[in-house]
Amino acid sequence: MIKSTVKTLLLFALCLMLQSCAYKPVNQSKIPLSKLNALAETEQHFRDTQKLNDYFEQAVAYAILPINVRVGTGFGGAWGEGWVIEQKQTTGKVSQWQFFVGINFGAQLYEQILFFKTKAALEAFKEGTFEFAGQANATAIIWGVAATPSFSQDVALFTLIDGGLLLEGSIGMHRYDFAPTF
């Protein structure tokens, strides 16, 4: 059992490293309509959350990840992708990976938004891999909102839970990779 878990974790880490090497700029005209529709729908979900109004007003940009999947059984991980929005324009594609370890079991689907308060924070995000850690939650419902945001260097992260069953008390790492659109 432990050997299997270690092999799975190593395979997941290898995939993460290879993915970051292969990320390339995205032709904006080739973004599928279904992804743009999911982006617009998810943005509206977040705009309907009143406690985020100030974040939308103060942000120089934000990244929306409409579909994220998180799975855990002691060790766990998550993956999602979305788009960076600056001045109402899609300026890049973002992929999100998570690794975590601790007390966790189950799976979860969620939407995510990152608000960039300063131009410097946005540029740091765009320059390469952006990482920060920390999250604990319990999901046993169809829809919900994460209780508190995570903050790091003028970036605020919020999550809307779409459903699943995930009980968790773990530590881990979020990793975001950015590829510009043209």
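Each value in this text was obtained by applying a stated rule to the coordinates, not by laboratory testing. Small disclaimer: the values here were computed from a predicted structure and weren't measured. Positions of Cβ are backbone-derived with ideal geometry, glycine not excepted, and every protein chain shown enters the neighbour counts.
Okay, here's what the table says:
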{"read-out": "Label-to-label distance, nm, for residues given as Lys88 and Val26 (7 Å Cα→Cβ offset)", "value": "2.1 nm"}
{"read-out": "Sequence of Arg175, Arg47 once ranked by neighbouring C-beta atoms within 10 Å, starting from the fewest", "value": "Arg47, Arg175"}
{"read-out": "Relative packing of peptides 36-42, 96-102 - highest average C-beta neighbours within 10 Å first", "value": "96-102, 36-42"}
{"read-out": "FRET E, pair Ile171, Ala107, Förster distance 30 Å, beta-carbon r, rounded to 0.05", "value": "0.95"}
